[in-house]
Structures are given as structure tokens and as C-alpha cells.
1. List the helices (runs of 4 or more DSSP H) that sit entirely inside the range 253-359 and contain at least 1 residues that are under 23 Å from the mean Cα position of the chain (by Cα) and within 30 Å of Pro74 (Cα to Cα).
2. Suppose the filter is in contact (Cβ under 8 Å) with a residue 60 or more places away in the chain and farther than 18 Å from Ser24 by Cβ; does Pro310 pass it?
3. How do the pairs read when you match residues in the range 78-96 that are without any contact (Cβ under 8 Å) to a residue 40 or more places away in the chain and assigned by TED's automatic domain parsing to the domain that holds Thr219 with residues anywhere that are away from the ligand (no atom under 12 Å from the Cβ) and in a loop (DSSP other than H, G, I, E, B), using Cβ under 8 Å and keeping only pairs 6 or more apart or on different chains?
4. In this structure, does Val83 turn out to be more than 15 Å from the ligand (Cβ to nearest atom), in contact with a Ser or Thr (Cβ under 7 Å, 6 or more places away or on another chain) and under 14 Å from Asp187 (Cα atoms)?
5. Residues Leu180, Leu121, Leu134: which one is more than 16 Å from the ligand (Cβ to nearest atom) and in contact with a Ser or Thr (Cβ under 8 Å, 6 or more places away or on another chain)?
6. Does Val313 qualify as being within 16 Å of the ligand (Cβ to nearest atom) and of a type in the set (A, V, I, L, M, F, W, C)?
7. Within the range 145-159, track down each residue that is within 16 Å of the ligand (Cβ to nearest atom) and free of Cβ contacts under 8 Å to residues at least 60 places away in the same chain.
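The values are calculated or read from the model by the stated rules, or taken from the named source; none is laboratory data. Just so we're clear, the structure is a prediction, and the values are computed from it rather than from any experiment. Cβ placement follows ideal geometry from the backbone for every residue including glycine, while neighbour counts extend to all protein chains displayed.
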Amino acid sequence: MADPTTVRTDARRHHDPQIRGFASDNYAGTHPEILAALALANGGHQIAYGEDEYTGHLQCVMHSHFGPTAEAFPVFNGTGANVVSLQAMTDRWGAVICAESAHINVDEGGAPERVGGLKLLTVPTPDGKLTPELIDRQAYGWDDEHRAMPQVVSITQNTELGTVYTPGEIRAICDHAHGLGMKVHLDGARIANAAASLDVPMRTFTNTVGVDVLSFGGTKNGAIFGEAVVVLNPDAVRAMKHLRKLSMQLASKMRFVSVQLEALLAGDLWLRNARHANAMAQRLAEGVRAVDGVEILHPVQANAVFARLPREVSERLQKRFRFYFWDEAAGDVRWMCAFDTTEDDVDAFLLALKEEMAR
Ligand SMILES: Cc1ncc(COP(=O)(O)O)c(C=O)c1O
């Protein structure tokens, strides 16, 4: 009988680390450089709730990316970053204009409405992107007490459909929103993928063009967990500190969130990871284009490929690789690459796709 006092470490590994799919960049593990940074931050005592050395240093690192007035508030997850940001940017009677496909509208379990108390005013978009014209469909009625008051425009970069706004497109949105007295929030759960795709610094399409508050994403780009609300325009928010705690997003051992973001941002890890994930999506898209009967639905500009193919083919393929239907009725699927997706993963998936299409 095994001695219970000598449990082998590998007995606690409950999965095969060689198996990767195309379901989500959230399925990936943690980048080894981030794990190493976490180990370095371990040991000793550090002041809790954000007064630690790591969170202090994170501010300097954020300044190097977003300028000296940027202030980062680390949080646990992307939903939390969005809910805290949007609450801080609106009055109790305020509303947020966003794309119908926005994560805040379709994938946050109603948290912006129920936790944040926010009204979302949604607009259908062909490609996940808002424009000044699309914003105008909801930007009215500021003096009408029967209507929640549009106070914020929230955009996602890159979008939930894998498309990327150009800096000029974001500038046009910011100018328009500001002209109407509204502020602009950017959900940057995949901001690194967008920067890698555009090949510009992150500030080029955020504070430089007028974005007021950013939800900065780390998790999808190699962190275990950890995002940050980055306030780019201090005049656009109120009570951020208090709202973060009130919204259950204040980590007591914050050093372990901050050091992950520092590990991503102090050097070029954020960019290396994002460039790699994007390159794997390009490789995948190129292979898919050569398969008759499979249609790519949106421009592949970041780390996601959206496709339409016979539903039964997808169902068979899902037995071999994990991925999600995006629109079950239409047979649309999303294939997503991560920082750890390999060329062999992509090639094996393409082979399986061809085999299942030929059956
Ligand atoms: C665009 C976007 N925003 C926000 C989030 C929220 O992240 P979390 O699941 O960490 O709350 C996600 C997660 O998939 C996302 O894709």
C-alpha cells in the first residue's frame, strides 16, 4: 500500500500538459517567466491591499507605456476591471453605449447591470466595431429623465470578433464621444494582441487618441490571473479606490497580481506573447483558406479565427480538438490561439479539419 506521507508531486498533475486546443486563450497555462516572477515576489512580508513594493513598481512600468499620469488599479479579472471602470465613469443615472457583441453585454453574466447598476445601450455592428455613426443610434436624450443618460462609450480592442480598430478609428470615436460630453472606456482584455497587430505602442490607440479609462488585460496573454484598471484621464473617474473594494476586486496579497503584470510589461514579454499568438492565428487562417467549404467570417487581425463550416464537421472535429461554436444556429465557430500554441498544434488541427471535411 502506498505510504500516504510520500505522495509523489506528479500525482497532483491532473492533465496532460502537451494537449492544447483552440477554445480560448484562457485555456492556456501561465508563461514560465511569470511563474518565475511570482516565485521572486514570494517570501517575507509585504504590506497588503496594494501598498507593497510590487504594486508601487507597477505604477512606474505603466507610466513607461501610458505616460506619467496613468494610474493602475490591479484587479482579479476582466469582468471586474470593466465593472469597476464603468461604475467610476458614470453617475447613478448614467448609461454606457457599446456594441451588441461587447463582452460587457453578452459574456459577463449581467455583472455591469447587476453589480455595477449600469444601463447598457447596445448597437448592432457588422464587425464588432463602433463608429461615430453607430454611436449616434444611442447617443441622444440627455435631458430626458425617462431615458438612462448616455455618459460613456465602451469599445473593445481587439474586438470580440477578432478585428482591430486603427488608432484613427479610435480617435474619431473619442472626439465624437467627448464632443457629446461622454467619456471613452476601452476593454483591453487583449490589448497586447491589438498592439502587436498594429505594430504600435499601446498608448498610440489609447491615451494618445483620447481613451479615458482602460481595462488592461494580462490573463489572456500569459498571466495566471490579473488585470488592471488603468486610469488615463484622472478627470474621467470618481472613487476608483472605493469602488474596487466595494466590487470585491481589491486583492489583499496584491503583490502577486502586480508582479505578474510587471513581468509582462517591464520587458517585451507582453509583445512576444501577443505576436506569437497572432502569428499562429495567421498560420491557421492561411491553412483554412485552402480548405474548400470552410469560410472565414471576419478579417483575422489578432489571435482569433471565426469560420463557418458544416455543423456536423465541427461536431466531429470537436471530439479531436476543443473549440466553441460562436453562433450555434449558423454553424459559426471560433478558433483561438494563445501564447503557447505551437506550429505543430496548428498543423495538426488543419490536418484534422481536412480529414473531417473529406469524410
Ligand atoms: C473582451 C473581453 N473582455 C473581458 C473579458 C473578461 O475577463 P474575465 O473572464 O477575466 O472576467 C473577456 C474574457 O474572455 C473578454 O474576452
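1. The helices (runs of 4 or more DSSP H) meeting that bar are 255-265, 269-289.
2. no
3. Qualifying pairs under 8 Å: Arg92/Gly117.
4. Numbers: more than 15 Å from the ligand (Cβ to nearest atom): no; in contact with a Ser or Thr (Cβ under 7 Å, 6 or more places away or on another chain): yes; under 14 Å from Asp187 (Cα atoms): yes.
Taking the combined requirement at face value, the residue does not satisfy it.
5. Leu134
6. No; evaluated as a whole, the condition is false for this residue.
7. The answer is Val153, Ile155, Thr156, Gln157.
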